[in-house]
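Here's the structure we're looking at; comments come further down.
The values are calculated or read from the model by the stated rules, or taken from the named source; none is laboratory data. Predicted model only: the values in this text are computed from it and were never measured. Because the Cβ atoms are built from the backbone with ideal geometry, glycine has one as well, and the counts that use them run over all protein chains shown.
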């Protein structure tokens, strides 16, 4: 007679271990699946954690009731089988679901697009399999507890196995599988673990042959067609697409330039022009900072770039000002690698793989110009938007030094993120000027340690030898306006940059798609599809 695989409870504990591991792996995979479309901000993480907790809570309730009503382990392992196949299908179908949901919502809602789209996507893609995995713990408690005398010990052991599995499921995706093989394969790996767990059970029991075969076939199909790591599946000419510990990364090329993006749907983070001309973006106007600091008239001025990216600003400064002492700080080492591979990174400019604020806290150097261009996907890191951070920047500037900040999103809304940033900076620096960058959504801010920004720029024009740069700086001088200090202050304790940033992005999205919204309202979806050439 064949021995029951569950006879000594070992397999039940292993089931708890791998279920806990898979839940955390799916949660971390969810963040990476959503990040290229909605960012990896605290808001998106809140949505992910919240929906997963909803799924687990419902699974706990259902699993307990189901186990009491019919304490047959077959039912649990069938649910694990279904969860495994569903998770395997996420890499294949998830990105299409996200794009479909986004397309529908973008035509039907006017506010909180990113939040609602991320929440709906998370509910549709992740709630069902995690609901099934949520039934594991109460079901196993029912199967393992044989007497009240050992109930505490047994439930405690199950909890310990679940927690240990969750710990491993937290570290493995972040530090091993996602950087090594990507998000899609990570889903498939942990799905495969669950599938093998269920298959071993049914094979040992000699039951469920049909269900096992169907599940195995579906898993193979999902593995073959869903193992790719392309989030921007509509792009055919990408030079590079991949992931790092911090970002989704995309490099693409057109006839004029090479571009880096860390988000599928929004923005360009770095650019290299093939003709060595000005970029036409905020990097050009940010060169007013070295002029204000007097770098155009002398050699060896020290420039620090926090948020180096692929080095666009460094290349611009090197080209127009010559002998500058430039340093860069970039938290994502893979972006630095891409800068060397695709973006003609300056070989004599050191780039430190570090958080910008932590770097300032660790060095005693002072600089003539500090460029702050740090973004986490589409939002400014809160620790680099506070009065404490800008005070540190102030302390690291030489006399006559200038800070320039790329604020990314312009807005005239009351109490917007730029008002907070500008007021926060004005609470530290005596002279603050802002300008809207022509032709894009960026707003540039200049702050002087002990001089007047506009006057410093006008005085520095005579030191510029390049006529193209001189003309650009004259236009910049005309676009600059003084910022009068208000009472909107970001601190380390309170800096809701992500909520304010998403509000501005909603406005930008609404403006960009207003034509299609009107077309949809007047002529319906077929007209929109025709206009898009679909």
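Selection of strands (runs of 3 or more DSSP E) fully inside region 235-351 by the criterion of at least 2 residues being modelled with pLDDT of 90 or more and touching a helix residue (DSSP H, G or I) at 6+ places or on another chain (Cβ under 8 Å) returns 302-306, 325-329.
Scanning region 437-459 for residues that are in a helix (DSSP H, G or I) and crowded, with 21+ Cβ neighbours inside 10 Å returns 453, 456, 457. Here is the figure for region 339-363: residues that are buried (at least 18 other Cβ atoms within 10 Å of the Cβ) and touching a residue at least 60 places away in the same chain (Cβ under 8 Å) total 3. Take the conditions (1) over 24 Å from residue 383 (Cα atoms); (2) at pLDDT below 90; (3) over 26 Å from the mean Cα position of the chain (by Cα); residue 512 misses just one of them, which is (3). Restricting 481, 462, 477 to residues that are under 25 Å from residue 367 (Cβ atoms) and surrounded by fewer than 16 Cβ atoms within 10 Å (Cβ to Cβ) narrows the list to 462. Any residue in region 29-51 that is in contact (Cβ under 8 Å) with a residue 40 or more places away in the chain, touching a helix residue (DSSP H, G or I) at 6+ places or on another chain (Cβ under 7 Å), closer than 22 Å to residue 207 by Cα and in the same structural domain as residue 160 (by TED's automatic domain parsing)? No, region 29-51 contains no residue that is in contact (Cβ under 8 Å) with a residue 40 or more places away in the chain, touching a helix residue (DSSP H, G or I) at 6+ places or on another chain (Cβ under 7 Å), closer than 22 Å to residue 207 by Cα and in the same structural domain as residue 160 (by TED's automatic domain parsing).
Of all residues in region 106-115, those that are assigned to a loop (DSSP other than H, G, I, E, B) and either in contact with a strand residue (DSSP E or B) (Cβ under 7 Å, 6 or more places away or on another chain) or touching a residue at least 24 places away in the same chain (Cβ under 8 Å) (or both) total 3.
Here residue 368 passes the criteria (1) in contact with a helix residue (DSSP H, G or I) (Cβ under 8 Å, 6 or more places away or on another chain); (2) more than 16 Å from residue 293 (Cβ to Cβ) except the one numbered (2). Would you tally the residues in region 125-155 being at pLDDT 85 or above and closer than 18 Å to residue 17 by Cβ? Within region 125-155, residues that are at pLDDT 85 or above and closer than 18 Å to residue 17 by Cβ number 11.
Restricting attention to region 395-429, the residues that are under 21 Å from residue 329 (Cβ atoms) and surrounded by fewer than 18 Cβ atoms within 10 Å (Cβ to Cβ) add up to 2. When each of 89, 103 is tested for being farther than 30 Å from residue 157 by Cα, buried (at least 16 other Cβ atoms within 10 Å of the Cβ), within 24 Å of the chain's Cα centre (by Cα) and free of Cβ contacts under 8 Å to residues at least 12 places away in the same chain, the lone residue that passes is 103.
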